[in-house]
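What follows is a short report on a single structure.
The values are calculated or read from the model by the stated rules, or taken from the named source; none is laboratory data. If you're wondering where the values come from, they're calculated on a predicted model, not measured in any experiment. Counting neighbours? That spans all protein chains shown, and the Cβs are built from the backbone with ideal geometry, glycine included. What goes into the accessible areas is simple: the full protein's heavy atoms, side chains included, and nothing from ligands, DNA or RNA. Shrake-Rupley method; radii C 1.70, N 1.55, O 1.52, S 1.80 Å.
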Amino acid sequence: MAMRIPYALARQIADQAHAEAPQEACGLLAGECNTVIRAIPLRNWARSPEDRFRLDPEEQLAALKEIDADGLEWVGIYHSHPRSAPIPSRRDIDEARDAGLLHLIVSLDHAKPKLKLWRIDGDSVTPVDLVFDSEAREDGGSQFSLRHRIAILVAGIAGFLLLVAISVSLLPPSPVR
Ligand SMILES: [Zn+2]
């Protein structure tokens, strides 16, 4: 099973991780079917947030109500690794209680932020494919520009036909012999 995430959301999570570094950033993922639709940032409630995270319980409760009100499902948790690879740590594995939730980790330990998705069930840790949905880019994506191009083409043809019709109607009547 692969999970889709809009490009803009992935960037929002990476931006939050950068803003909160050197502390770990965290939040909830909400979505439907196999798509992440929202990422809700939460305060890191851990006592030493530089090398661990704990979701602020009050903010988590409010976020879950919001997810429910939006008709979405709580699909996972995300957090950042400011100085290590996007792989669940021993503590991440020990503290993951709900096997139904996915765990997204964003690593800042590279030139570009790296996002990896995991399923943690007890001691078994499995990677989950993460597909970046380019159609959700803020620039509109390719599908929109194709539609745009077709509209321009159709308008161009219509304009040309109109011009031909006008010029024909303006022609002087052919001389009668
Ligand atoms: Zn971690």
Exercise for review: Residues being within 13 Å of the chain's Cα centre (by Cα), crowded, with 19+ Cβ neighbours inside 10 Å and among the small types (Gly, Ala, Ser): count how many of those fall in the range 1-33.
Suggested key: 4
Check your understanding: Within the range 34-51, which residues are more than 9 Å from the chain's Cα centre (by Cα) and not charged (D, E, K, R)?
Key -> Asn34, Ile40, Pro41, Leu42, Asn44, Trp45, Ala46, Ser48, Pro49
Check your understanding: For the range 47-90, how many residues are within 16 Å of the ligand (Cβ to nearest atom) and of a type in the set (Val, Ile, Thr)?
Key -> 2
Exercise for review: Go through Ile40, Ile77, Ile93 for me and flag whichever is part of a strand (DSSP E or B) and either open to solvent by 50 Å² or more (accessible area, probe 1.4 Å) or within 26 Å of Asp123 (Cα to Cα) (or both).
Suggested key: Ile77
